[in-house]
Amino acid sequence: MVTRMTIATHGYLLSDSTDVESLQLEVCEAIRKGGGIVTVDRVQGAPVTVIVSPGVPVLFESVPDHDGQVAQAEVGDSLDDWESYL
């Protein structure tokens, strides 16, 4: 299983070292303050810094990763990139 964080329509597979609960709390705190910047450590590529704000949906979901195929598909921001592997 891998955890995918989606902000509006942009999805990020979180690295195995990410403390998902801490990241969720960080996102909630930023939203409570009216918005803020959060750094996301991704499976592939360098960490990305994102802005979260009230009114923008943020979704955390566990995704089965069959033989690492989901992680390999995580190249773009399209939600369709990984759905064909499920």
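Among the residues of region 44-60, the ones that are surrounded by fewer than 12 Cβ atoms within 10 Å (Cβ to Cβ) and not in a loop (DSSP other than H, G, I, E, B) come to 3 in all. Tell me yes or no: at least one residue of region 10-29 is modelled with pLDDT under 95, part of a strand (DSSP E or B), among the hydrophobic types (A, V, I, L, M, F, W, C) and crowded, with 17+ Cβ neighbours inside 10 Å. Checked region 10-29: at least one residue is modelled with pLDDT under 95, part of a strand (DSSP E or B), among the hydrophobic types (A, V, I, L, M, F, W, C) and crowded, with 17+ Cβ neighbours inside 10 Å. Residues that are surrounded by 12 or more Cβ atoms within 10 Å (Cβ to Cβ) and part of a loop (DSSP other than H, G, I, E, B) were ranked within region 30-43; the one that is modelled with the highest pLDDT is G35.
The values are calculated or read from the model by the stated rules, or taken from the named source; none is laboratory data. Please read these numbers as outputs of a predicted model, since none were measured by experiment. Virtual Cβ from ideal backbone geometry, glycine too; neighbours counted across all protein chains shown.
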